[in-house]
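A.B. asks: Provided herewith is a single structure, encoded as structure tokens, for subsequent inquiry.
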Amino acid sequence: MRVVVTGAAGFIGGHLVHALTGQGHDVVPVDVAGPGGCDLATDDLAPLADADVILHLAGRPGVRASWGEGAAAAFRDNVTATARLLSACSATRPRFVLASSSSVYGSAAHPCAEDDPIDPRSPYAVSKAEAERLAREAAADGLPVVVLRYFSVYGPRQRPDMAFHRFIEAALDGTPVPLYGDGTQSRSFTYVGDVVDATVRAAGTPLPPGTVLNIGHPTTTSLRDALDRIAALLGTPAPTVPKDAAPGDVARTWAGADRAAELLGWTATTGLDEGLAAQIAWHRGRRCD
């Protein structure tokens, strides 16, 4: 397959490009970063539409960064860019996989199912919900769009602003770990290798246009428990520095992934301790380079 991957220089995108290339696909990596970068919000996107599959991971991440002036950037990179890319594909109609986020659900009292009402609580979450709405419109017009809602992805090469990256780096430095909120917030932490597996499966599986799939581990874990696991794996204490909870930071995300199991044959198979050990090894390896 000829596969276009947007956000190819990002955390998940980089892993995805590596996996697809290893499987022998013709991969076209697209990212705003680096020489010859493509800005999906302004550049000509017609050349990208000539593909078998488009995996659209590019966007402006982060709940905390999306408040204030960040709201406009989130709308530009998550909504305007997606609208333009969907429009560019309206004639050629490649299979289109849109990376969305569990943040569209708000806080979960039970495992979220894809048909549950959404409740986005930050400008970032609102922008992802709007991108999903655009995808549904394109699906109604016949574009084979699938939406994947990723849940709290972690693993090697995780972005520096994300919780586990901050936790591990602080612990390795022997400095207190910044902890936003009281640490009881819980997440369906999902290993990046599992997320890549699900995304590759979605790229190669004919699904009804407009299908939405949760891509997340079914177990929720609190930030405090995750930090204790990191400390145990490192064999070092991990004292914390309390920080105010970020606006829009929900109490819990909780993935119900039965639909992904049914339609993709996918489940998250990497346990948190195994995934954290792999991420810690990556952090340690960076320090030896």
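The values are calculated or read from the model by the stated rules, or taken from the named source; none is laboratory data. Source: prediction; values computed, not measured. Using ideal geometry, Cβ is built from the backbone for each residue, glycine included, and neighbour counts are taken over all protein chains shown. Heads up: the accessible areas ignore ligands, DNA and RNA and are worked out on the full protein's heavy atoms, side chains in. Shrake-Rupley method; radii C 1.70, N 1.55, O 1.52, S 1.80 Å.
A.B. asks: Filter region 58-71 down to residues that are out of contact with any Ser or Thr (no Cβ under 6 Å at 6 or more places or on another chain) and in a loop (DSSP other than H, G, I, E, B), then give me how many there are.
C.D. replies: Step one: filter region 58-71 for residues out of contact with any Ser or Thr (no Cβ under 6 Å at 6 or more places or on another chain), giving 59-62, 64-65, 67-71.
Retained after the next criterion (residues that are in a loop (DSSP other than H, G, I, E, B)): 59-62, 67-69.
Going through region 58-71 one residue at a time, the tally reaches 7.
A.B. asks: Here is a follow-up. Identify, by number, the condition in (1) in a helix (DSSP H, G or I); (2) farther than 30 Å from L234 by Cα that S107 doesn't meet.
C.D. replies: Every listed condition holds for S107 apart from (1).
A.B. asks: Among the numbered conditions (1) touching a residue at least 12 places away in the same chain (Cβ under 8 Å); (2) within 25 Å of V79 (Cα to Cα), tell me where P111 comes up short.
C.D. replies: (2)
A.B. asks: For region 1-21, give me each residue that is open to solvent by 60 Å² or more (accessible area, probe 1.4 Å), within 22 Å of P206 (Cα to Cα) and either under 16 Å from the mean Cα position of the chain (by Cα) or at pLDDT 95 or above (or both). Quick ask: steps written out before the conclusion?
C.D. replies: Our first condition is that a residue be open to solvent by 60 Å² or more (accessible area, probe 1.4 Å); within region 1-21, this holds for 1-2, 9, 18, 21.
Restricting the remaining residues to those that are within 22 Å of P206 (Cα to Cα) gives 1-2, 21.
Within region 1-21, R2, T21 meet the criteria.
Table: residues versus (1) part of a strand (DSSP E or B); (2) open to solvent by less than 40 Å² (accessible area, probe 1.4 Å); (3) among the basic types (K, R); (4) on the phi < 0 side of the Ramachandran plot.
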{"position": "G36", "(1), (2), (3), (4)": "no, no, no, no"}
{"position": "L55", "(1), (2), (3), (4)": "yes, yes, no, yes"}
{"position": "A73", "(1), (2), (3), (4)": "no, yes, no, yes"}
{"position": "T80", "(1), (2), (3), (4)": "no, no, no, yes"}
{"position": "S90", "(1), (2), (3), (4)": "no, no, no, yes"}
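A.B. asks: Which numbered condition in (1) closer than 21 Å to D44 by Cα; (2) hydroxyl-bearing (S, T, Y); (3) surrounded by 19 or more Cβ atoms within 10 Å (Cβ to Cβ) is the only one that S127 fails?
C.D. replies: (1)
A.B. asks: Check whether at least one residue in region 176-189 is among the basic types (K, R) and open to solvent by 40 Å² or more (accessible area, probe 1.4 Å), and report yes or no.
C.D. replies: Step one: filter region 176-189 for residues among the basic types (K, R), giving 187.
Within this subset, residues satisfying the condition of being open to solvent by 40 Å² or more (accessible area, probe 1.4 Å) are none.
Within region 176-189 (the criterion being among the basic types (K, R) and open to solvent by 40 Å² or more (accessible area, probe 1.4 Å)), the answer is no, since none of the residues qualifies.
A.B. asks: Another question, then. Can you tell me which residue is least open to solvent (accessible area, probe 1.4 Å) among those in region 241-252 that are farther than 10 Å from D182 by Cβ and at pLDDT below 90?
C.D. replies: Here the answer is A246.
A.B. asks: Taking region 57-71 only, how many residues are surrounded by fewer than 20 Cβ atoms within 10 Å (Cβ to Cβ) and aliphatic (A, V, I, L, M)?
C.D. replies: 2
A.B. asks: Taking P94 as meeting all but one of (1) over 18 Å from V5 (Cα atoms); (2) open to solvent by less than 40 Å² (accessible area, probe 1.4 Å), write down the number of the exception.
C.D. replies: Among (1) over 18 Å from V5 (Cα atoms); (2) open to solvent by less than 40 Å² (accessible area, probe 1.4 Å), the lone unmet condition for P94 is (1).
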